[in-house]
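Structure, as structure tokens:
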Amino acid sequence: MKRYAVILEDTAVPVPKIFCVGRNYAKHAKEMGADLPREPMLFLKPHTALAIEPDAVEVPAAFGELHHEIELAVVLCKGGRNLSVDSAARTIGGYGVALDLTLRGVQAAAKKTGAPWTLAKGFDESAPVGRFARAKNWAWSKRSGDAETELHLTVNGETKQRGPLGEMIFSPATLIAYASQYFTLEPGDLFLTGTPEGVGPLEDGDEVNAAISGLPELSFRVRRR
Ligand code: MG
């Protein structure tokens, strides 16, 4: 059976669940025609959505339009419930690069009818992730506001998304603390922390490269059949 474990430097960490947040960058909320959230807008992907350091990501063509969303991923080294933001910060074990792949047409139809985003966001291979760096080796949170730490996604060598991590609205620790009011958090849980503007379609054969300053890069080819 396939093991859904991310790699934190040289250690495999099984993932119980994947939290994602919508509209965590103002310019992306605007490009989607959405208002800014007053509190985090969380949703879940199942752990079976993971594609761990994939060479290729395959999404059936019949699912319709597929969009890239580059995101900073956080892996927890500790769990907990009802965490303060300070305690939540201490649950962060590492950081990596991820995509929150989205079936944009399916999502648009769901928004119209008020249906959940389960199909649009939770399908197999909708969460490609790269290798994770230990938090002590990449202490971005201590440098928040550092405009030089940015997310950068290219498709076939062309820049599609590029923006500073410092424009994130809710910090990773804030998202973890918020989720812990409703969910029991476990070691290995992932948080995908939202995408900057510039989301767009992926086609069969596209080469995607996703990078965040100082973290291992994630590169894969898209297959649509
Ligand atoms: Mg997203």
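Annotations
- The set of residues in the range 10-31 that are assigned to a loop (DSSP other than H, G, I, E, B) and open to solvent by 60 Å² or more (accessible area, probe 1.4 Å) comprises 10, 23.
- Count of the range 110-140 residues which are among the aliphatic types (A, V, I, L, M), within 14 Å of residue 44 (Cα to Cα) and surrounded by fewer than 19 Cβ atoms within 10 Å (Cβ to Cβ): 1
So that you can scan it fast, the table gives a plain yes or no per residue for (1) within 12 Å of the ligand (Cβ to nearest atom); (2) free of Cβ contacts under 8 Å to residues at least 60 places away in the same chain; (3) among the small types (Gly, Ala, Ser):
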{"position": "19", "(1), (2), (3)": "yes, no, no"}
{"position": "30", "(1), (2), (3)": "no, no, no"}
{"position": "42", "(1), (2), (3)": "yes, no, no"}
{"position": "49", "(1), (2), (3)": "no, no, yes"}
{"position": "55", "(1), (2), (3)": "no, no, no"}
{"position": "67", "(1), (2), (3)": "yes, no, no"}
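- Close contacts from the range 185-204, counting a first residue that is at positive phi and a second that is among the β-branched types (Val, Ile, Thr) and within 13 Å of the ligand (Cβ to nearest atom), with Cβ to Cβ under 6 Å and a gap of 6+ residues or different chains, come to 194/21.
- Options 148, 217: the member that is open to solvent by 30 Å² or more (accessible area, probe 1.4 Å) and more than 23 Å from residue 14 (Cα to Cα): 148
- In the range 3-17, the residues that are in contact (Cβ under 8 Å) with a residue 40 or more places away in the chain and within 13 Å of residue 47 (Cβ to Cβ): 4, 5, 6, 13, 14, 15, 16, 17
- The set of residues from the range 44-58 being open to solvent by less than 30 Å² (accessible area, probe 1.4 Å) and within 19 Å of residue 110 (Cα to Cα) comprises just one member, 45.
- The residues in the range 32-42 that are open to solvent by 50 Å² or more (accessible area, probe 1.4 Å) and assigned to a loop (DSSP other than H, G, I, E, B) can be counted, and the count is 6.
- Residues being open to solvent by 30 Å² or more (accessible area, probe 1.4 Å) and more than 13 Å from the ligand (Cβ to nearest atom) - total across the range 171-199: 9
- Condition check for residue 220: aromatic (Phe, Trp, Tyr), under 16 Å from the mean Cα position of the chain (by Cα) and more than 15 Å from the ligand (Cβ to nearest atom): yes
The values are calculated or read from the model by the stated rules, or taken from the named source; none is laboratory data. Quantities reported herein were computed from a predicted structural model and do not represent experimental measurements. Quick reminder, even Gly has a Cβ in these numbers, built from the backbone with ideal geometry, and neighbours come from all protein chains shown. Accessible surface areas use protein heavy atoms only, side chains included; no ligands, DNA or RNA. Shrake-Rupley method; radii C 1.70, N 1.55, O 1.52, S 1.80 Å.
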